[in-house]
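Here, each number is a calculation from the coordinates, and none is a lab measurement. What you see is a predicted model, and the numbers here were worked out from it, not measured in a lab. All Cβ positions, glycine included, derive from the backbone under ideal geometry; neighbour counts span all protein chains shown.
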Amino acid sequence: MKLLAKGEGRTGPRLSPMARYILKRVAIALVTLFVIMFVLFMLLSFMPGSPFNNEEKLTPDQVAALRAHYGLDKPVLERFFLYVWNMLHGDFGVSYNIMTNMPISQMVGPRIALTLTIGLEAGILGAVVGVILGIVAALRERSVWDTAATIIAVVGVSLPSFVVALFLSYFLGFQLKLFPILYSSTEPTISTVLPVLALAMFPMASVERYTRSEMISIMNSDFMLLASSKGVSKTKLVLRHALRNTLISVITVLVPLLVSLMSGSLVMEKVFSIPGLGSLYIQAIQQNDYNVVLTISFIYSVMFILAMLLVDIAYVVIDPRIRIAGGKD
């Protein structure tokens, strides 16, 4: 009789701990997304009013006919599972009143690309500058560099984003005329400079604070002092040990910030007249355009859940001390 190899069963090789860990996280993410969509669908269904309330000329009979046409007169659970089925096949429905009968994908497509681009650029800029400032402040603790970095962080966290936007618009746009104040589709690249700078201020300040705090704590820890006493160079200590451990805390802070930036900032879109996803979201909520609200909410949810899933996996990659033993996490 052939003996089974260790780690194999009668049905074939067993999955590795890492594979089981990822599959478990993916399953949790899918269940979470389903619950979020269910709650959102129910809340919208039981909200007062309908997508057709804004049409004052419509009679009650005409409103009832429209509800029947779009299937809004069906039981709520039936409508939910029908919506999920259509969504899995790439059909997010049509707009009821913002752009009547236009497919949601055509409405959201151009806007989401612009919103994601601006948010991603702002997040990357804020993260890179914030990490650099945090490292400099930590390595030059209680120096003029540390004081300057701390002041920048306090200002960045304290000032609302629209104040920073107005400040940049006045000095860089109006006074120096370096960049256009309002977004222009004819100059998309240069038009996004001011919004990106304004959006990057808060994540930069947040990342700088956490990087500085974590770096100082790690540099003063016992194992770092022991490594230093054994003759390990400061450069190796900073790059191999301090920075790697600091990145774990930075990722935890940065990912939610990055997702919030990519999901759109209504304030920035209003200040710079950007035709992004956030303004469409607010308009859809105000007009009870259910399909638009659900689609954008779905996009936001997927972005956040996917980002947190990637964070869980990145922990194991960044810090080798984090182990997944025996399929348990």
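Here is how the numbers come out for the structure above:
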item	result
Selection from S158, I248, A113, by position along the positive dipole direction of segment 112-318 (Cβ)	I248
Inverse of mean 1/r across different Cα pairs in segment 147-200, Kirkwood, Å	11.9 Å
Extension gain from I248 to V154, taking 0.36 nm per residue of separation minus the Cα-Cα distance	31.6 nm
Axial C-alpha extent at least 27 Å, average Kyte-Doolittle at least 0.0 - helices from the chain (DSSP)	17-46, 104-139, 193-219, 290-318
The chain - mean residue ellipticity at 222 nm from DSSP helices (-39,500 (n - 2.57) per run, n ≥ 4, rounded to 500)	-22000 deg cm²/dmol
Simple Cβ-charge dipole of the chain, Lys/Arg +1 and Asp/Glu -1, about Cα centre, in debye nearest 20	1660 debye
Radius of gyration, Dmax [segment 236-286; alpha carbons; angstrom]	17.5, 56
Shape of the chain, Cα gyration tensor, a/c cut at 1.5	oblate
With at most 16 neighbouring Cβ atoms within 10 Å, loop GluC sites (Glu not before Pro) (DSSP) excluded, longest segment of the chain	142-329
Mean separation of Cα contacts under 8 Å, 6 or more apart, over the residue count of the chain: relative contact order %	26 percent
Inverse mean reciprocal Cα-Cα distance (Kirkwood Rh) of segment 158-295, Å	18.0 Å
Full-extension gain in nm, S229 to L178, via 0.36 nm per residue minus C-alpha separation	13.2 nm
